Amino acid sequence: MTDFGFSISKSATIDMDAVDMELYERVCRQVPSARICMSCGSCSASCVAAPYSGMSVRKVILALQRGKDVRTMLSNCMLCGKCSMACPRGVNTRNLILTVCRNL
Ligand code: SF4
Ligand code: SF4
């Protein structure tokens with residue numbers, strides 16, 4: 001193959017048909033407010049664990065929507081509930097975290 005000195009990056013497109021959203025849908029049935037997350041990041045900004053661990057409810061919800069594993073991130077949560085108070089959409093984040101853990 002000819003080397004042109006560059007390569008084409010792998011597509012970042014997400015094939016939604018190939019994404020397993022079963023866990024996300026199950027969690028949303030138990031915590032309906034999870035559906036109204038607008039990915040603003042207020043929860044992450046207020047999270048006491050975020051600066052040390054990268055914990056982020058916003059990222060957890062996005063990972064669930066993309067069928068990715070969230071165990072490592074959730075293991076850093078201290079269930080303090082601060083993110084619940086910071087959410088402008090009223091997402092029950094603490095309950096969401098507990099529900100995801102129960103369904104894993
Ligand atoms: S603060 Fe609420 S709306 Fe914003 S990203 Fe977090 S869960 Fe979603
Ligand atoms: S409950 Fe978890 S995710 Fe929410 S602010 Fe506390 S440590 Fe962060």
(message) How much length would be gained if the chain were fully extended between Arg102 and Ile36, taking 0.36 nm per residue of separation minus their Cα-Cα distance, in nm to one decimal?
(response) 21.7 nm
(request) Please work out the Cα center distance from the range 61-92 to the range 20-58, rounded to the nearest Å. (result) 3
(request) Tell me what the chain gives for mean residue ellipticity at 222 nm when only DSSP H runs of n ≥ 4 count, each as -39,500 (n - 2.57), the sum divided by the residue total, rounded to 500 deg cm²/dmol. (result) -11000 deg cm²/dmol
(request) Just flag the trypsin sites (Lys or Arg not before Pro) in the range 1-60 sitting in loop per DSSP whose Cβ has no more than 11 other Cβ atoms within 10 Å. (result) Lys10
(message) Over the Cα atoms of the chain, what radius of gyration and what Dmax do you get, in Å?
(response) 16.4, 57
(request) Name the residue, out of Ser11, Ser75, Ser46, whose mean-square fluctuation peaks in a Gaussian network model built on the chain with Cα pairs under 10 Å. (result) Ser11
(request) If a cysteine in the chain has no other Cys Cβ under 4.7 Å from its own Cβ, put it on the list, ordered by number. (result) Cys28, Cys37, Cys40, Cys47, Cys77, Cys80, Cys87, Cys101
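Bear in mind these aren't lab numbers, they're just calculated from the coordinates by the rules spelled out. What you see is a predicted model; the values in this text were computed from it and never measured. Note that we place each Cβ from the backbone using ideal geometry, even for glycine, and neighbour counts take in every protein chain shown.
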